[in-house]
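In what follows, a single structure is set out as structure tokens and then discussed.
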Amino acid sequence: MEKLLTRWGRALDADCPLNDYPRPQLKRDSFLCLNGRWDYAILPSRVELRDYQGEIVVPFSPETILSGVERTVEPTDVLYYRRRFEFHRSNDRQLLHFGAVDYKCEVCLNGQKVGGHVGGYLPFTLDVTDAILDGENELTLRVTDPSETGTQASGKQTSKRGQIWYSRTSGIWQTVWLEEVPEKHVESLRLTPDIDENTLTVEVKATGTGNAKVMATKDGAILAKGVTENGRVVLRLTDYELWSPENPCLYDLNVEYGDDVVTSYFGMRKFSVGKDDKGVSRLMLNNRPYFHNGLLDQGYWSDGMYTAASDEALIYDIQTMKDMGFNMLRKHIKIEPLRWYYHCDRLGMLVWQDMVNGGGEVNQLTAAILPGLGLGTCTRAGNISDGEKNYKLFSRADRFGREEYYRDAAGMIDLLYNTVSLALWVPFNEGWGQFDSVKAFEFFREKDPTRSIDHASGWHDQGVGDLNSFHIYFTPFVFPKHHKGDDRVVALTEFGGYSMQTKGHVFNTQKFFGYRKYSDPEKLWRAVRHLYLDRIKPLIAEKGLSALVYTEVSDVEDETNGLLTFDREVVKISVERLREMNRQIGF
């Protein structure tokens, strides 16, 4: 396999990579980045750690090029980390943050266990006040990762890499950082805009008791201010601009709670479902029909896999897709660092967020064969993914894995609730670990009633949610009939996947995967243009099609379906051509 570095990977500062503040919607002045060179060891679980084996660049997984290790952590291995750092306290409490560690970890500081975490995609915080020292400190981690041998959320990771499945990543893969806070401090914010009532509801979760002062501003001018009662305040706004991809207007938010001061931001917008002037169900933005023209975004990088080499790399993907005329990215079975969502907010890119799939190995009968025969794409298909007897069919026989799904889903919703650009949740994709779909939809709706939900993207549809969602790759491009009595929004949530290898920029030079393969850029462009303008465009008005998700942003390993190469060095179809094509797509 070829080693492909991105331009940002080539410019990496291995001593302090990804040194941007990692939590833009809850920001303090206190920030000590612990990314950089750590010691590591990878040992079978039966072997005792006696010494470390070398250096690893955190936050890149050991399987990646940018980590400097390029070793696979097997399910039977233990991955050890050690970092020594200088610290001098200046406030009451010291908090240690991990953006994400895949999958299970135990954390010690100066030989004292300070906590741990289970789950590979969500951030966690440990109060290390009683363990941290003035002067030199030693931080250690013990990490295990069952990868696809377990039933936890694992995304597309597998030891059997190929086609649409990718190499596993383990261990720390997001920023590690320290901050100091007063004894009484803000723990989280929950921001709910309401453009119908011209309000922003701010809920402040904090330690201790007392009220917080809250102030919304734009360019230093005060829009509204108030004081929380029982942790909540409703700010009434006037003379504000609505957020949209065309006008990504954001406002600043300042919260003071005793001696603690945090800054955040928000946007005034509304996501909903409604009727257009012809009575067709459409996705709505700010109470008007809005066509979602998007791309599947895996979030993988040739040199860092789960982890982009820099903030600039994240921005490049989002801005390039926006320049091409797309207005939405479907983040596919991965949760990104919070800075990615921040850039979508400020640049104006709608986000559809998938839940990370879990369960056992994907059952090909339910994931491919039945849908291929047309038996998995019908509305209310006998509730075949619901009920105890069918858990095994969908690789969800493990009760712990099903319970963990809901814990992870709740954590994801809480984490991303304030994201201005996040328009839609996707609880399940293509029957990969799908179970109790109606219950899952109701869970998402209760946790977040402000966004639309595509409960089962692609097939095994249970007739709930806001979307009637289809994936069409191999079959003739005839849009399926709407089922009688089904008044949901019609969306083509995966299609295309047109593939082309670009010499010098491919991961696997021996073979590659694509749904339709093309040999040169001109043939690829003609095929994509025909697909959009001749096949897709008529469906928007005639069939009520309301959203598109083309596969995909970039190549990933063997899968060469991207508009960009895996290393982001080549744009396969020019930005100008795609922008002109997309100008003709929509209502």
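Ala216 - would you say it is buried (at least 16 other Cβ atoms within 10 Å of the Cβ), touching a Phe, Trp or Tyr at 6+ places or on another chain (Cβ under 6 Å) and assigned by TED's automatic domain parsing to the domain that holds Gly258? Reasoning before the result, please.
On the way: buried (at least 16 other Cβ atoms within 10 Å of the Cβ): yes; touching a Phe, Trp or Tyr at 6+ places or on another chain (Cβ under 6 Å): yes; assigned by TED's automatic domain parsing to the domain that holds Gly258: yes.
Considered against the rule, which asks whether it is buried (at least 16 other Cβ atoms within 10 Å of the Cβ), touching a Phe, Trp or Tyr at 6+ places or on another chain (Cβ under 6 Å) and assigned by TED's automatic domain parsing to the domain that holds Gly258, Ala216 comes out as yes.
State whether one or more residues within segment 493-510 are aliphatic (A, V, I, L, M) and either under 30 Å from Asp345 (Cα atoms) or free of Cβ contacts under 8 Å to residues at least 40 places away in the same chain (or both). First the steps, then the outcome.
Filtering segment 493-510 for residues aliphatic (A, V, I, L, M) gives 500, 506.
Then drop every residue that is not either under 30 Å from Asp345 (Cα atoms) or free of Cβ contacts under 8 Å to residues at least 40 places away in the same chain (or both), which leaves none.
Checked against the condition, which is being aliphatic (A, V, I, L, M) and either under 30 Å from Asp345 (Cα atoms) or free of Cβ contacts under 8 Å to residues at least 40 places away in the same chain (or both), segment 493-510 yields no hits at all.
Residue-by-condition table, conditions (1) free of Cβ contacts under 8 Å to residues at least 60 places away in the same chain; (2) in a strand (DSSP E or B); (3) β-branched (Val, Ile, Thr):
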{"site": "Asp15", "(1), (2), (3)": "yes, no, no"}
{"site": "Leu49", "(1), (2), (3)": "yes, no, no"}
{"site": "Phe60", "(1), (2), (3)": "no, no, no"}
{"site": "Val69", "(1), (2), (3)": "yes, no, yes"}
{"site": "Leu96", "(1), (2), (3)": "no, yes, no"}
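Would you point out the residue of segment 231-255, among those that are more than 16 Å from Gln25 (Cβ to Cβ) and of a type in the set (D, E, K, R), that is surrounded by the fewest Cβ atoms within 10 Å (Cβ to Cβ)?
Asp239
Taking segment 119-156 as the search range and keeping residues that are part of a strand (DSSP E or B) and without any contact (Cβ under 8 Å) to a residue 40 or more places away in the chain, which one is farthest from Asp398 (Cα to Cα)? Walk me through how you get there before you give the answer.
Applying the first criterion (part of a strand (DSSP E or B)) to segment 119-156 yields 124-127, 135-144.
Retained after the next criterion (residues that are without any contact (Cβ under 8 Å) to a residue 40 or more places away in the chain): 124-127.
Working: Phe124: 25, Thr125: 28, Leu126: 29, Asp127: 32 Å.
Selected residue: Asp127.
Inspect all residues belonging to segment 33-45 and state whether any of them is of a type outside the set (S, T, N, Q), touching a helix residue (DSSP H, G or I) at 6+ places or on another chain (Cβ under 7 Å), part of a loop (DSSP other than H, G, I, E, B) and in contact (Cβ under 8 Å) with a residue 60 or more places away in the chain. Break it down into steps so the answer makes sense when it comes.
Start the filter on segment 33-45 by keeping residues that are of a type outside the set (S, T, N, Q), which leaves 33-34, 36-44.
Those left that are additionally touching a helix residue (DSSP H, G or I) at 6+ places or on another chain (Cβ under 7 Å): none.
Among the residues of segment 33-45, not one is of a type outside the set (S, T, N, Q), touching a helix residue (DSSP H, G or I) at 6+ places or on another chain (Cβ under 7 Å), part of a loop (DSSP other than H, G, I, E, B) and in contact (Cβ under 8 Å) with a residue 60 or more places away in the chain, which makes the answer no.
Would it be correct to say that Lys511 is out of contact with any Ser or Thr (no Cβ under 6 Å at 6 or more places or on another chain), surrounded by fewer than 19 Cβ atoms within 10 Å (Cβ to Cβ) and either in the same structural domain as Thr158 (by TED's automatic domain parsing) or outside any loop (DSSP other than H, G, I, E, B) (or both)? Show your work before the answer.
Values: out of contact with any Ser or Thr (no Cβ under 6 Å at 6 or more places or on another chain): yes; surrounded by fewer than 19 Cβ atoms within 10 Å (Cβ to Cβ): yes; either in the same structural domain as Thr158 (by TED's automatic domain parsing) or outside any loop (DSSP other than H, G, I, E, B) (or both): no.
No; evaluated as a whole, the condition is false for this residue.
Considering only residues that are within 19 Å of Pro24 (Cα to Cα) and out of contact with any Asp or Glu (no Cβ under 8 Å at 6 or more places or on another chain), look in segment 320-342 and name the one that is surrounded by the fewest Cβ atoms within 10 Å (Cβ to Cβ).
Leu338
Looking only at segment 468-482, decide whether some residue is in the same structural domain as Glu361 (by TED's automatic domain parsing), without any contact (Cβ under 8 Å) to a residue 40 or more places away in the chain and in contact with a Ser or Thr (Cβ under 7 Å, 6 or more places away or on another chain). Even if it seems obvious, please write down each step before you answer.
Keep residues of segment 468-482 that are in the same structural domain as Glu361 (by TED's automatic domain parsing), which gives 468-482.
After this cut, where a residue has to be without any contact (Cβ under 8 Å) to a residue 40 or more places away in the chain as well, the list is 469, 472, 475-476, 478, 481.
Still in the list and also in contact with a Ser or Thr (Cβ under 7 Å, 6 or more places away or on another chain): 469.
Checking segment 468-482: at least one residue is in the same structural domain as Glu361 (by TED's automatic domain parsing), without any contact (Cβ under 8 Å) to a residue 40 or more places away in the chain and in contact with a Ser or Thr (Cβ under 7 Å, 6 or more places away or on another chain).
Taking segment 1-13 on its own, how many of its residues are among the charged types (D, E, K, R) and in contact (Cβ under 8 Å) with a residue 24 or more places away in the chain? I'd like the intermediate steps shown before the answer.
Keep residues of segment 1-13 that are among the charged types (D, E, K, R), which gives 2-3, 7, 10, 13.
If we keep only those that are in contact (Cβ under 8 Å) with a residue 24 or more places away in the chain too, we end up with 2-3, 7.
Total meeting the criteria: 3.
Out of the residues in segment 169-180 meeting the condition of being of a type outside the set (S, T, N, Q) and within 17 Å of the chain's Cα centre (by Cα), tell me which one is surrounded by the most Cβ atoms within 10 Å (Cβ to Cβ). It would help to see each step written out before you state the result.
Within segment 169-180, the subset of a type outside the set (S, T, N, Q) is 171-173, 176-180.
Then keep just the ones that are within 17 Å of the chain's Cα centre (by Cα); that gives 172-173.
Numbers: Ile172: 29, Trp173: 26.
My answer is Ile172.
Select from segment 514-545 the residues that are under 19 Å from Gly325 (Cβ atoms) and of a type in the set (Lys, Arg) and write down the one among them that is surrounded by the fewest Cβ atoms within 10 Å (Cβ to Cβ).
Result: Arg526.
Does segment 147-163 hold any residues that are in contact with a strand residue (DSSP E or B) (Cβ under 7 Å, 6 or more places away or on another chain), more than 13 Å from Trp432 (Cβ to Cβ) and not small (Gly, Ala, Ser), and which are they? Talk me through it step by step, then tell me what you get.
We begin by selecting, within segment 147-163, every residue in contact with a strand residue (DSSP E or B) (Cβ under 7 Å, 6 or more places away or on another chain); these are 147-148, 156-158, 161, 163.
With the extra rule that they be more than 13 Å from Trp432 (Cβ to Cβ), the set shrinks to 147, 161, 163.
If the condition is that a residue be in contact with a strand residue (DSSP E or B) (Cβ under 7 Å, 6 or more places away or on another chain), more than 13 Å from Trp432 (Cβ to Cβ) and not small (Gly, Ala, Ser), then Arg161, Gln163 are the ones that fit.
Any idea which of (1) surrounded by fewer than 20 Cβ atoms within 10 Å (Cβ to Cβ); (2) at positive phi; (3) in contact with a strand residue (DSSP E or B) (Cβ under 6 Å, 6 or more places away or on another chain) is the one Ser188 doesn't satisfy?
(2)
Cβ-Cβ below 7 Å, separation at least six or inter-chain, first residue in segment 564-584 and over 12 Å from Met321 (Cα atoms), second assigned to a helix (DSSP H, G or I) and of a type in the set (D, E, K, R): which pairs?
Met581/Arg529; Gln584/Lys537
So which strands (runs of 3 or more DSSP E) are wholly in segment 270-353 and hold at least 2 residues that are assigned by TED's automatic domain parsing to the domain that holds Arg451, within 18 Å of Asn561 (Cα to Cα) and touching a helix residue (DSSP H, G or I) at 6+ places or on another chain (Cβ under 9 Å)? Spell out the reasoning first.
Details: elements: 271-275, 281-285, 292-297, 328-331.
Here the list reads 292-297, 328-331.
Being among the hydroxyl-bearing types (Ser, Thr, Tyr) and either in contact with a Phe, Trp or Tyr (Cβ under 8 Å, 6 or more places away or on another chain) or not in a strand (DSSP E or B) (or both) is the filter here, so list the residues in segment 193-210 that pass it. Quick ask: steps written out before the conclusion?
Taking segment 193-210 and keeping what is among the hydroxyl-bearing types (Ser, Thr, Tyr), we get 199, 201, 207, 209.
Matches in segment 193-210: Thr207, Thr209.
Could you please find all residues in segment 269-317 being over 29 Å from Tyr532 (Cα atoms) and surrounded by fewer than 23 Cβ atoms within 10 Å (Cβ to Cβ)? Please lay out each step first, then the result.
Initially, segment 269-317 is screened for residues over 29 Å from Tyr532 (Cα atoms), giving 303-312.
Hits for segment 269-317 are Ser310, Asp311, Glu312.
For residues that are aromatic (Phe, Trp, Tyr) and touching a Lys or Arg at 6+ places or on another chain (Cβ under 8 Å), scanning just segment 39-80, find the one that is surrounded by the fewest Cβ atoms within 10 Å (Cβ to Cβ).
Start the filter on segment 39-80 by keeping residues that are aromatic (Phe, Trp, Tyr), which leaves 40, 52, 60, 80.
If we keep only those that are touching a Lys or Arg at 6+ places or on another chain (Cβ under 8 Å) as well, we get 40, 52, 80.
Details: Tyr40: 26, Tyr52: 15, Tyr80: 20.
For segment 39-80, the residue satisfying everything is Tyr52.
Go through segment 1-13 and report how many residues are surrounded by fewer than 16 Cβ atoms within 10 Å (Cβ to Cβ) and in a loop (DSSP other than H, G, I, E, B). I'd like the intermediate steps shown before the answer.
In the first step, residues of segment 1-13 are kept if they are surrounded by fewer than 16 Cβ atoms within 10 Å (Cβ to Cβ); the result is 1-3, 7, 10-11, 13.
In the following step, the residues that additionally are in a loop (DSSP other than H, G, I, E, B) were identified as 1-3, 11, 13.
Qualifying residue count for the region: 5.
Mind listing whichever residues of segment 407-459 are in contact (Cβ under 8 Å) with a residue 60 or more places away in the chain, assigned to a loop (DSSP other than H, G, I, E, B) and over 18 Å from Thr366 (Cβ atoms)?
Tyr417, Asn418, Thr419, Val420, Ser421, Thr450, Arg451, Asp454
What number of residues in segment 118-134 are of a type outside the set (Ser, Thr, Tyr), farther than 26 Å from His88 by Cα and surrounded by 18 or more Cβ atoms within 10 Å (Cβ to Cβ)? Give the steps one after another, and end with the answer.
The first filter runs over segment 118-134 and keeps only residues of a type outside the set (Ser, Thr, Tyr), leaving 118-120, 122-124, 126-128, 130-134.
Retained after the next criterion (residues that are farther than 26 Å from His88 by Cα): 118-120, 122.
When the remaining residues are screened for being surrounded by 18 or more Cβ atoms within 10 Å (Cβ to Cβ), the result is 119-120, 122.
Number of matching residues: 3.
Out of Thr228, Thr209, I need the residue that is of a type in the set (Ser, Thr, Tyr), surrounded by fewer than 18 Cβ atoms within 10 Å (Cβ to Cβ) and not assigned by TED's automatic domain parsing to the domain that holds Leu95. Which one?
Working: Thr228 fails: surrounded by fewer than 18 Cβ atoms within 10 Å (Cβ to Cβ).
The match here is Thr209.
Of the conditions (1) within 28 Å of Ala309 (Cβ to Cβ); (2) not in a strand (DSSP E or B), Tyr166 fails just one. Which one is it?
Failed condition: (2).
The values are calculated or read from the model by the stated rules, or taken from the named source; none is laboratory data. On a predicted model such as this, the values are computed, not experimentally measured, just so you know. Neighbour counts run over all protein chains shown; Cβ positions are idealised from the backbone, glycine included.
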